[in-house]
Amino acid sequence: MGDHDLYDNTYYNTTGLMPMTTPDTIDTNDGTRRPARKEDFPLLVNIPIAYLDSAASTQKPATVIDGMKRFYETSYANVHRGIYDLAQQATAQYEDARGKMARFLGASTTEIVFTRSTTAGINMIARSIVRGLQPGDEMLVTAMEHHSNFVPWQQLAMQHGLVFKVVNITPDDTLDMDDLRAKITAKTKVIAVAHVSNVLGTINPIAEITRLAHERGAIVVVDGAQAVGHIPVDVKALDVDVYACSGHKMYGPEGIGVLYAKHDLLARLEPSEWGGEMVGEVTIEKSTWNELPYKFEPGTPDITQGVGLGIAVDYLVGIGMTVVRAHEEEIMMYALSRIKEISGIHVLGPADIALRSGAIAFVMDGVHPHDIAQVLSDAGVAVRAGSHCAHPLHCAKGLSASTRASIGIYTTRDDIDRFIAALRKAAELFR
């Protein structure tokens, strides 16, 4: 396991669940910690809303907001290039955030590339990987992928004469591992898979997928946007080749993402974007590239967003990811039990709570998801309606859209009760 296991000491109460309202601090071997509270999030204090759209973007704790403001006011300068004190201070804080993210994922700092988002990171690494493939080589993606881990591979396959295969899902909304095994061949070079589905909430067996892929010499690229910030993640234990995530889905700012890739893979791949900090030396005849990870970071980075991401990691570490997971499991079990009280609702995703995280997508007989979302909005409940950037998945389920409620560390039973009450009203209005 990686260094971030030190962060996972639990401090459950007698019920095994993370309390959401106590102001008490809790001492552990790693220092003083306390549970997350809704009061930590200024927007949730200022606006009377049941925010159930965390899969789209999480709210930000005051520590992140205040820390980014403080950085702008006291430490901001461009990084890596200046020798004056302010530039050195800014660089130190920015690189400290990289180190925090590396420890959080169980990686080395040279394996952590800052990007704009999960989408940007996957596109960047996909272009570099495909350069080394030959026409007829195969890539597998799953039917439950977000478009960000589906469309890049699809389009690159079309452009480079590659074979694009889709792995099916089972009737119980888990990945069809038999189909995966049947579709892996000696020509399979890439398997792209979500750690957690943004619609089904399904937690995929990444370690098993990686083992199968590596037996055939294939690279595994994981979309971790819906996993990081919800469940403990150790990229070394999973043995994945590439893992991408976004700051704004883990209580940090938007405009910053993280791309983990194994050192040897990054070392042998060629960058697909050029200029700025990624350059080593430039002559009329040729250019060379900077050392890792800067080889894949062209131009001025999103400095303050990077610092904010580091603060968000501190916040999650202060809670402990096993505690985050326990709280979300409890809230999800409660939500799934309450939603069953309303007839005509069909919940997507696995029934086994151990196999799901974050998202509860559903359809209601005879009612369009947009109508449901509007009624909930009128009641002060924020959910998402549509295809959730997962058209192939909805098509596989015979659906055009669904309504999705998604939880975070600030979600309470009161939020779920408010959600259920509004959902009952929607059922009464339209049926």
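Derivation of every value follows stated rules applied to the coordinates shown; laboratory data play no part. Source: prediction; values computed, not measured. Cβ atoms come from the backbone with ideal geometry, glycine included; neighbour counts cover every protein chain shown.
Could you tell me how far the Cα centroid of the stretch 310-345 sits from the Cα centroid of the stretch 192-234, in Å?
Value for the Cα centre distance between the two parts: 19 Å.
Want the number for Arg211 to Gln374: 0.36 nm per residue separation, take away the alpha-carbon distance, what's left? Mind dumping the intermediate values first?
Values: separation 163, 0.36 × 163 = 58.68 nm, distance 4.44 nm.
54.2 nm is the gain from fully extending Arg211 to Gln374.
Which GluC sites (Glu not before Pro) in the stretch 304-388 sit in a loop by DSSP (not H, G, I, E or B) and have at most 16 other Cβ atoms within 10 Å of their own Cβ?
Values: sites: Glu328, Glu329, Glu330, Glu341; in loops: Glu341.
Here the GluC sites (Glu not before Pro) that fit, given the DSSP loop and packing criteria, are Glu341.
Find the all-direction average of the projected area of the Cα convex hull for the stretch 320-406, expressing the result in square nanometres with one decimal place.
On the way: hull surface 25.5 nm².
Mean orientational projected area (the stretch 320-406, Cα hull): 6.4 nm².
Can you bin every Cα-Cα distance in the stretch 85-315 into 5 Å intervals starting at zero and give me the percent of pairs per bin, rounded to whole numbers?
1, 7, 15, 19, 19, 16, 11, 7, 3, 1, 0, 0
With a length cut of 20 Å (Cα positions projected on each helix's long axis) and a Kyte-Doolittle mean of at least -0.5, go through the chain and give me the DSSP H helices that pass.
Helix filter hits for the chain: 303-319, 321-339, 413-430.
Given the stretch 382-431 reduced to its alpha-carbon atoms as identical point scatterers, what log10 I(q)/I(0) does the Debye formula return at q = 0.18, 0.29 Å⁻¹?
Those come out to -0.74, -1.02, one per q.
Helix-only mean residue ellipticity at 222 nm, the chain, DSSP H runs n ≥ 4 weighted -39,500 (n - 2.57), per residue, nearest 500. What is it? All intermediate terms of the calculation are to be shown ahead of the outcome.
Numbers: 14 runs with 159 residues, N = 431.
That comes out to -11500 deg cm²/dmol.
Taking the DSSP beta bridges in the stretch 85-315 as the whole, what percent of them are antiparallel, to the nearest 5?
Working: 14 of 31 bridges.
Bridges in the stretch 85-315 that DSSP calls antiparallel: roughly 45 percent.
What's the whole-number percent of alpha carbon pairs in the chain lying beyond 41 angstrom?
Details: 15120 of 92665 pairs.
Of all Cα-Cα distances in the chain, 16 percent exceed 41 Å.
Considering only DSSP beta bridges where both residues belong to the chain, give the percentage that are antiparallel (nearest 5). Write down the numbers at each step before the final one.
Values: 29 of 49 bridges.
Beta bridges within the chain, antiparallel portion: roughly 60 percent.
Rg over Rh of the stretch 263-334, using C-alpha atoms and the Kirkwood radius, what does it come to? Can you show the working numbers first?
Details: Rg = 19.4 Å, Rh = 15.5 Å.
Answer for the stretch 263-334: 1.25.
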